[in-house]
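Data first, discussion second: the structure below is written as structure tokens.
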Amino acid sequence: MTRLDRVEQTPGRLAGPPLTPRTAVIWSVLRAELERRPGTALTVLDVGGGTGGFAVPLAQAGHRVTVVDASPDALAALTRRAADAGVAERVRAVQGDGDALAGLVAPGSADLVLCHAVLEVVDDPAAVVSAVAAALRPGGAASVLVAGRAAALLGRAMNGHLEVAATLAADPAGTAGPRDTLRRRYDADGAAALLGAAGLVVEEIHGVRVLADLLPAAVADGQPAALVELERALAARAPWRDLAAQLHLFARRP
Ligand SMILES: C[S@@+](CC[C@H](N)C(=O)[O-])C[C@H]1O[C@@H](n2cnc3c(N)ncnc32)[C@H](O)[C@@H]1O
């Protein structure tokens, strides 16, 4: 039985978030962390948290969430979403840069820091990861989601874009050239090394969207529960994990 299986069998406070192929594996890992301290309102920081897809369910589960994001539009949407969900008082929206967290939140104060789909778009991912580590209290955990390199290459090739796939294969940063919307992509070792260099200890790595992006929409939309189950079954297993569209790393500040 994997850790994900054990978690799904345990009823937790975090009952709300919908389990989609994009989020089910991440929520399973987060739920396990939240259940380490049942009944405690945790201090959560969501760096580049956008419109609050994770922040609002965490606030609904009773936690205090600060979202730091560079985009005022995203923060405005977050604020509306939190108000609609009745948790405005537990969600703080702060406009700012991920590598300047020290001036925005107290160092060593966060029980849990989320940094999802951010390291592939920022100027200096090492500076952001350093800031994430500094924001955590000792023993606090980081949930980091990054774009996967292998999936991007396979996706281009399967759509017939072999030159782009070759560019991706050759580029040390794993981009598909100057028109790529992302500035870099990761494999599991590279992402783990980035977190390790900031003093974080990586405890788990899962693949997110191993199959979801490869299936015809009719299959993905027609059998959502089966797809979620399959994603969860494959998430931690070689070689499937490393072919996922995103890699989720769960790490702790010693
Ligand atoms: C792809 S979205 C991810 C949103 C959310 N974390 C999620 O997983 O759905 C990237 C987010 O990072 C924010 N962002 C980009 N660069 C940033 C930076 N340097 N500091 C803080 N936020 C940043 C963007 O405004 C955007 O909301």
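Points worth noting:
- The range 113-131, residues that are within 19 Å of residue 182 (Cβ to Cβ) and either away from the ligand (no atom under 11 Å from the Cβ) or in a helix (DSSP H, G or I) (or both): 125, 126, 127, 128, 129
- Of all the listed residues (82, 77, 102), the sole one being within 13 Å of residue 60 (Cα to Cα) and in a helix (DSSP H, G or I) is 82.
- Considering the range 89-103, and only residues there that are hydrophobic (A, V, I, L, M, F, W, C) and surrounded by fewer than 18 Cβ atoms within 10 Å (Cβ to Cβ), the residue that is farthest from the ligand (Cβ to nearest atom) turns out to be 102.
- In the range 223-254, the residues that are part of a loop (DSSP other than H, G, I, E, B) and over 19 Å from the mean Cα position of the chain (by Cα): 223, 238, 239, 254
- Criterion (hydrophobic (A, V, I, L, M, F, W, C), in a helix (DSSP H, G or I) and either within 16 Å of the ligand (Cβ to nearest atom) or in contact (Cβ under 8 Å) with a residue 24 or more places away in the chain (or both)) met by exactly one of 212, 151: 151
Since every read-out is calculated from the coordinates, none of them should be taken as a lab result. Predicted, not measured: the structure shown is a model, and the values here were computed from it. Methodologically, a virtual Cβ is constructed for each residue, glycine included, from the backbone with ideal geometry; neighbour enumeration extends over all protein chains shown.
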